[in-house]
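A.B. asks: Starting off with a structure, shown below.
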Amino acid sequence: RSVIVCEGASEVGLLRGLSQHAAANGGKSIETLGGALVDAGGVSKIYGRAAAFLALGYRTMVLRDDDEQPDLMIEAQFQLDGGELVKWRPGYALEDEIFHGIRAADLDLLLDYAVEIHGNDHVNSNISTISQGTRNLVSVRGDASPENRALLATASRAKKSGWFKQVGWMEHVGREILGPGLVEFQQPCRDQIGSIYDWLAKGS
């Protein structure tokens, strides 16, 4: 009944992981609510996919980053035609929302998982490069300051070497790290995620 067209694989993975966590803890999964997830393959393709589903009669939502902008006239027309839009806060990609919003205690869990996937050297190199050599994997641990969160968010989404830029990787983040602490996740991202589930529930 409802289709969520996600900008990329990361958003698909995150929502899948959150859905799995909800279902395992007495809540409803996205599938139970009649929802399906689609990877648009980038911001330039998102409204072509979304408009097609809308034309077929599906309740359709777009979930996108805000670090790159689509054609805003096309986006406005999609909303006028009955489509729903959820996007991260101005200028933010998904990684910005996660690293700025997650519980302080869970920041090291994200680092641990990045190291598990890519190894110490890879993660350390990303951090050192973004910080121009002033920080490393050891020094960023246990630091929940806004400055460190911003550094880690940028390091984690490095082109061609992003820490969680696969469906399965971000699925793990959603299910095992973000999901368990979602009630303590900072706003507005918590509200944005909540609005996705509210929208699904209205169509189920």
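The values are calculated or read from the model by the stated rules, or taken from the named source; none is laboratory data. All of these numbers come straight from a predicted model, not from anything done at the bench. Heads up, the Cβs are rebuilt from the backbone with ideal geometry, glycines too, and the neighbour counts pull from every protein chain shown. Areas reflect the complete protein model, heavy atoms only, side chains present, ligands, DNA and RNA absent. Shrake-Rupley method; radii C 1.70, N 1.55, O 1.52, S 1.80 Å.
A.B. asks: Mind checking which residues of region 182-204 are of a type in the set (Asp, Glu) and either without any contact (Cβ under 8 Å) to a residue 24 or more places away in the chain or within 17 Å of Leu63 (Cα to Cα) (or both)?
C.D. replies: First, the residues of region 182-204 that are of a type in the set (Asp, Glu): 184, 191, 198.
If the condition is that a residue be of a type in the set (Asp, Glu) and either without any contact (Cβ under 8 Å) to a residue 24 or more places away in the chain or within 17 Å of Leu63 (Cα to Cα) (or both), then Asp191, Asp198 are the ones that fit.
A.B. asks: Okay, next question. Given the conditions (1) among the acidic types (Asp, Glu); (2) farther than 23 Å from Ala23 by Cα; (3) open to solvent by 50 Å² or more (accessible area, probe 1.4 Å), and given that Glu184 satisfies all but one, which numbered condition is not satisfied?
C.D. replies: (2)
A.B. asks: How many residues does region 163-177 hold that are at pLDDT 95 or above and either over 18 Å from Gln20 (Cα atoms) or open to solvent by less than 30 Å² (accessible area, probe 1.4 Å) (or both)? Step through it out loud before you land on a result.
C.D. replies: Step one: filter region 163-177 for residues at pLDDT 95 or above, giving 163-164, 167-177.
Going one step further and asking which of them are either over 18 Å from Gln20 (Cα atoms) or open to solvent by less than 30 Å² (accessible area, probe 1.4 Å) (or both), we end up with 163-164, 170, 173-174, 177.
Of the residues in region 163-177, 6 are at pLDDT 95 or above and either over 18 Å from Gln20 (Cα atoms) or open to solvent by less than 30 Å² (accessible area, probe 1.4 Å) (or both).
A.B. asks: Taking region 122-162 as the region of interest, how many residues are open to solvent by 40 Å² or more (accessible area, probe 1.4 Å), under 21 Å from Ala105 (Cα atoms) and among the β-branched types (Val, Ile, Thr)?
C.D. replies: Residues that pass the stated criteria total 2.
A.B. asks: Since Lys202 meets every condition but one in (1) open to solvent by less than 40 Å² (accessible area, probe 1.4 Å); (2) farther than 25 Å from Asn120 by Cβ; (3) among the basic types (Lys, Arg), which condition does it not meet?
C.D. replies: Among (1) open to solvent by less than 40 Å² (accessible area, probe 1.4 Å); (2) farther than 25 Å from Asn120 by Cβ; (3) among the basic types (Lys, Arg), the lone unmet condition for Lys202 is (1).
A.B. asks: Tell me yes or no: at least one residue of region 106-113 is open to solvent by 20 Å² or more (accessible area, probe 1.4 Å), touching a Leu at 6+ places or on another chain (Cβ under 9 Å) and of a type outside the set (Phe, Trp, Tyr). It would help to see each step written out before you state the result.
C.D. replies: Going residue by residue through region 106-113, those that are open to solvent by 20 Å² or more (accessible area, probe 1.4 Å) are 108-109, 112-113.
Those still in the list that are touching a Leu at 6+ places or on another chain (Cβ under 9 Å) too: none.
No, the conditions are met nowhere in region 106-113.
A.B. asks: Of (1) in a loop (DSSP other than H, G, I, E, B); (2) in contact (Cβ under 8 Å) with a residue 24 or more places away in the chain; (3) over 12 Å from Tyr197 (Cα atoms), Gly26 satisfies all except one. Which?
C.D. replies: Condition not satisfied by Gly26: (2).
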